[in-house]
1. If we keep just the residues of region 197-212 that are assigned to a helix (DSSP H, G or I) and hydrophobic (A, V, I, L, M, F, W, C), which is surrounded by the fewest Cβ atoms within 10 Å (Cβ to Cβ)?
2. Please determine, by comparing only the residues of region 68-90 that are out of contact with any His (no Cβ under 9 Å at 6 or more places or on another chain) and buried (at least 19 other Cβ atoms within 10 Å of the Cβ), which one is nearest to Ala140 (Cα to Cα).
3. Name the one entry in Val130, Val151 that is outside any helix (DSSP H, G or I), assigned by TED's automatic domain parsing to the domain that holds Val71 and in contact with a helix residue (DSSP H, G or I) (Cβ under 8 Å, 6 or more places away or on another chain).
4. Take region 133-148 and flag every residue that is at pLDDT 95 or above, outside any helix (DSSP H, G or I) and either of a type in the set (Ser, Thr, Tyr) or in contact with a Phe, Trp or Tyr (Cβ under 8 Å, 6 or more places away or on another chain) (or both).
5. When you check Arg166 against the structure, is it under 23 Å from Asp67 (Cα atoms), basic (Lys, Arg) and part of a loop (DSSP other than H, G, I, E, B), yes or no?
6. Could you please give the count of residues in region 213-234 that are touching a His at 6+ places or on another chain (Cβ under 9 Å) and either surrounded by fewer than 20 Cβ atoms within 10 Å (Cβ to Cβ) or assigned to a helix (DSSP H, G or I) (or both)?
7. Just need a number here: residues in region 181-208 that are of a type in the set (D, E, K, R) and within 22 Å of Asp234 (Cβ to Cβ).
Amino acid sequence: MGFFRKKSVEVDAPKPQRNLGLAMVTLDRARPLPEGALLAFLLDNWPELPRAKEVRQEGDTLSFELDGAAVTLTLMSAPIPWRDLEGPARAAWHWPEAAERLKAHLAHVIVAVLAPGMDRIATMLLLTRVVAAVAATTDANGVYWGEGPVVNAPDDFVEEAKRTSRERLPLYLWLAFQLSRNPDGTFTLATSGMRSFGFMELELVALREKPATLVDRAFNFAHYLLDHGPVLKDGDTIGLSAQERFRIRHVPSTVEPSRTVYRIEL
């Protein structure tokens, strides 16, 4: 993918402050973390991962080292405040039952992966797999990915996580894709979550294309950035073929004007 007139490194992109990944799994009830089942799920589904080391379970906390990263799972016997979940649940077009299900949760697990020796994408892939293992082996009723923020049904999260790789990043689990109607009748699709990888967010405006195509377009453009780095300069063009050209602009966000985004009119 990608056809450009120019290529250069974008110097104004925000950078993540720490290589720490965090996510939460909401639970129907609080039960002890199933150490054996959880670690077995990781090995069964991603045999390329090494076995966990330094495994410790103390009270409501399970910690271990995995592939050089420090993993900590903490069971919280209380729900995530609804004010944190309400917006992502309302925006979850892919999960119509999100609000109903998440309002019913009574506990949650905080999943933390600290990986100073990994790049950001590798850290997020490992976090995704650990979160999937938690969701698959507990009484999970949702997954909250705070960097989006975006929420997903546990079964959907687990199945998508099983298919992930460096070449097939699970952007629907990592990013929020927010569609809104503009005053002139056009539609804008804004991403949220690219900043956690050190990139500006994307805003795609449907001038000619149907709004339904914007999510797929945003997915592809975001994947391109994560594959190749912040190489999209103001004024470059991007497209899926040699005949297709969409100009990229670095402009203030229509969602959050204090931030600069990649704006692409389709």
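The values are calculated or read from the model by the stated rules, or taken from the named source; none is laboratory data. Just so it is clear, the model here is predicted, and its values are computed rather than measured. Note that we place each Cβ from the backbone using ideal geometry, even for glycine, and neighbour counts take in every protein chain shown.
1. Ala212
2. Residue satisfying both the conditions and the ranking: Leu73.
3. Val151
4. Scanning region 133-148 gives Thr138, Val143, Tyr144, Trp145.
5. In short, yes.
6. 2
7. 4
Conditions tested, residue by residue: (1) at pLDDT below 90; (2) closer than 30 Å to Ala135 by Cα; (3) of a type in the set (Val, Ile, Thr).
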| site | (1), (2), (3) |
| --- | --- |
| Asp156 | no, yes, no |
| Arg166 | no, yes, no |
| Pro183 | yes, no, no |
| Lys210 | yes, no, no |
| Thr213 | yes, no, yes |
| Gly235 | no, no, no |
| Arg249 | no, no, no |
